[in-house]
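See structure below.
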């Protein structure tokens with residue numbers, strides 16, 4: 001494992017907007033990595049790029065330090081000026097051996113992510129590795145490393161609660177909305193076409209909701225979101241005269257004063273009775289207090305969701321100790337496995353050597369004696385030698401592994 005090296009640029013030391021400068025174009029990525037691999041004496045390499053990290057994972061006997069990283073980065077021709085390249089190298093984290101393995105396992109389990117417990121990083125790691133493997137940039141060393149990474153991450157996500165509870169306001173809002181068991185053809189009014197509403201709309205669309213009316217101050221933005229959802233678009237002013245009724249309202253605007261006044265809400269009801277739902281993710285709320293006072297409403301608002309999100313995030317951090325114990329156990333098992341592989345590689349010539357000794361004995365050392373045997377005796381001798389050959393091949397391997405296990 002001493003050849004395992006990682007050069008990491010992450011959100012911990014570099015601003016996210018700056019990290020984008022290190023993202024390599026996919027078009028000529030393989031060619032650049034292959035050239036760098038040859039020039040720098042790197043046996044195997046893969047490149048990982050996400051929204052909050054850029055990392056180069058490699059197997060190499062070369063000394064990987066800041067000087068190496070600087071030359072390596074320049075060789076990749078990312079278009080960085082000298083000052084930028086130096087600043088990135090200064091902020092880089094370089095890991096080697098067991099420390100590199102620990103870093104990769106923590107990364108795959110999202111312990112190093114901006115948001116602890118988000119599973120996306122494992123999929124991103126696997127995709128990055130697979131891409132470089134298919135391009136012939138990786139080999140057996142990084143294969144066994146990657147196997148351990150996937151195994152460990154799966155164990156952490158399965159045996160801890162590190163990813164169990166959602167911590168984004170949007171996902172929490174959707175869960176609460178889902179718990180109300182609205183039918184998929186429920187009439188949903190979306191007020192505001194910003195990122196928050198676009199995200200929650202994706203959740204709804206993914207779960208087969210299909211009846212949307214989108215209102216926004218800029219009609220073009222409403223039309224864009226409505227087109228994505230297969231719904232209708234309206235100017236925000238049209239909210240006062242909308243007469244098609246509704247089952248749920250999702251609102252998130254930057255308005256200072258309430259958008260959904262008591263008057264607007266009554267108009268939207270169109271005389272319908274029954275409990276409606278409002279998801280208000282605006283700060284301050286888009287819903288006037290009078291609406292809640294005068295009507296029976298399922299009201300989901302951002303303040304209460306934020307409290308739940310904070311609680312869930314804190315619970316995730318409590319799971320870190322369990323995740324780290326799983327990582328430690330997997331590293332210990334990986335080290336033993338590497339030693340076993342060394343023994344297997346060192347002993348793979350044993351069968352050939354034993355066959356040589358056997359052939360030499362039969363054809364040279366004891367050739368006359370063997371030739372003097374009758375057919376039946378030679379057959380018995382052949383059976384004995386076959387049996388002994390198999391045993392001699394397996395015994396050294398078993399003994400070496402037993403010594404290794406007992407020493408550990």
Might you let me know whether the stretch 296-304 holds any residue that is modelled with pLDDT under 90, in a helix (DSSP H, G or I) and out of contact with any strand residue (DSSP E or B) (no Cβ under 9 Å at 6 or more places or on another chain)?
-> yes
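Are any residues in the stretch 268-296 over 21 Å from residue 185 (Cα atoms) and exposed (fewer than 15 other Cβ atoms within 10 Å of the Cβ), and if so, which ones? Lay out the reasoning, then the answer.
Of all residues in the stretch 268-296, those over 21 Å from residue 185 (Cα atoms) come to 281-296.
283, 284, 289, 290, 293, 294, 296 - these are the residues of the stretch 268-296 that are over 21 Å from residue 185 (Cα atoms) and exposed (fewer than 15 other Cβ atoms within 10 Å of the Cβ).
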Considering only helices (runs of 4 or more DSSP H) fully contained in the stretch 1-83, which possess at least 1 residues that are in the same structural domain as residue 101 (by TED's automatic domain parsing), modelled with pLDDT of 90 or more and touching a helix residue (DSSP H, G or I) at 6+ places or on another chain (Cβ under 7 Å)?
-> 29-39, 66-75
Options 113, 131; residue that is assigned to a loop (DSSP other than H, G, I, E, B) and in the same structural domain as residue 40 (by TED's automatic domain parsing) = 113
For residue 299, are the conditions met, namely being surrounded by fewer than 18 Cβ atoms within 10 Å (Cβ to Cβ) and either without any contact (Cβ under 8 Å) to a residue 60 or more places away in the chain or at positive phi (or both)?
-> yes
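Look through 341, 316 and report the one residue that is at pLDDT below 80, within 30 Å of residue 105 (Cβ to Cβ) and out of contact with any strand residue (DSSP E or B) (no Cβ under 7 Å at 6 or more places or on another chain). Walk me through how you get there before you give the answer.
Numbers: 316 fails: at pLDDT below 80.
Just a single option satisfies the conditions, and that option is 341.
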Considering residues of the stretch 267-284 that are touching a helix residue (DSSP H, G or I) at 6+ places or on another chain (Cβ under 8 Å) and not in a strand (DSSP E or B) only, the residue farthest from residue 196 (Cα to Cα) = 267
Does residue 178 satisfy being free of Cβ contacts under 8 Å to residues at least 60 places away in the same chain, closer than 29 Å to residue 283 by Cα and part of a helix (DSSP H, G or I)?
-> yes
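The values are calculated or read from the model by the stated rules, or taken from the named source; none is laboratory data. Owing to the predicted nature of the structure, the values given are computational and were not obtained by experimental measurement. Please note: Cβ atoms are built from the backbone with ideal geometry, for glycine as well, and neighbour counts cover all protein chains shown.
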